[in-house]
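Contents: one structure, followed by commentary.
The values are calculated or read from the model by the stated rules, or taken from the named source; none is laboratory data. Bear in mind that the values here come from a model prediction, so they are computed numbers and not experimental data. Virtual Cβ from ideal backbone geometry, glycine too; neighbours counted across all protein chains shown. SASA here: full protein model, heavy atoms, side chains in, ligands and nucleic acids out. Shrake-Rupley method; radii C 1.70, N 1.55, O 1.52, S 1.80 Å.
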Amino acid sequence: FSAGAFAVKSRNAGVTGDDTAFGFGALYPSDIFTALFFWNQVGKNFHPALGFAPRTNVRYLEAGFEFDPRPKHFLNVRQMFHEFFYRRYTRLDTGQVESWSLFPAPINWTFNSGDRIEFNYAPQFERLFAPFEISDGVILPAGDYRSTRWRAEFGTASKRRWRVEGTWWFGTYWSGH
């Protein structure tokens, strides 16, 4: 089990107020059960001299767990990884959710042979507060965007002469497919 907390302040010429970042988290990792919880807040004017802040003016929450049993006699499965993770960013200035994502993996199995399969469902939400150019000449207007993506993945064992892996993401993304 591990737990931690942090508090930092940046000092930049001509910038005062909203220049702190702080948070805490806890992680319980094990072979069968893993749980995590992280929360932090990053002020609008937090600009560290070393490194970077991926998003400022946000409150971030991440919570998740995994249940990874090792069944004795089920379809020759060595271990099953059942994952569920949630992430959310909330704007500090408006209190509105900026984005959230959910990642459940109901099927993520490794077989006794070393081969594996995985299937995920990944809904997400993004709120654009201003128009955003996602690609040259492609501008998404401000507004709310909900996407639902799915992933199918497989991989053969590394012991095989030819190792083959494949991943296929499909579903909606922003305003398209």
Exercise. Would you point out which residue out of ALA130, ALA142, ALA157, ALA152 is aliphatic (A, V, I, L, M), over 21 Å from the mean Cα position of the chain (by Cα) and farther than 22 Å from ARG91 by Cα?
Key: ALA157
Quiz item: How many of the residues making up the stretch 88-126 are more than 20 Å from ALA63 (Cβ to Cβ) and either open to solvent by less than 50 Å² (accessible area, probe 1.4 Å) or β-branched (Val, Ile, Thr) (or both)?
Solution: 10
Practice problem: Take the residues in the stretch 110-119 that are of a type outside the set (Val, Ile, Thr) and within 10 Å of ASN76 (Cα to Cα), then tell me which one is nearest to the chain's Cα centre (by Cα). | Solution: PHE111
Quiz item: Which of the residues belonging to the stretch 31-61 are open to solvent by 40 Å² or more (accessible area, probe 1.4 Å) and either modelled with pLDDT of 95 or more or of a type in the set (Val, Ile, Thr) (or both)?
Solution: ILE32, PHE33, PHE37, PHE38, TRP39, THR56, ARG59
Self-check item: Only listed residue being open to solvent by 40 Å² or more (accessible area, probe 1.4 Å), without any contact (Cβ under 8 Å) to a residue 40 or more places away in the chain and touching a Lys or Arg at 6+ places or on another chain (Cβ under 8 Å), chosen from TRP162, TRP168
Solution: TRP168
Quiz item: Does PHE67 satisfy being touching a His at 6+ places or on another chain (Cβ under 8 Å), surrounded by fewer than 17 Cβ atoms within 10 Å (Cβ to Cβ) and either at pLDDT 95 or above or of a type outside the set (Gly, Ala, Ser) (or both)?
Solution: yes
Quiz item: What are the residue pairs meeting all of these: first residue in the stretch 1-14, first residue more than 29 Å from ILE32 (Cβ to Cβ), second residue assigned to a strand (DSSP E or B) and open to solvent by 60 Å² or more (accessible area, probe 1.4 Å), Cβ atoms under 7 Å, and 6 or more apart or on different chains?
Solution: PHE6/PHE22; ALA7/PHE22
Quiz item: Taking the stretch 44-84 on its own, how many of its residues are farther than 16 Å from TRP109 by Cβ and aliphatic (A, V, I, L, M)?
Solution: 6
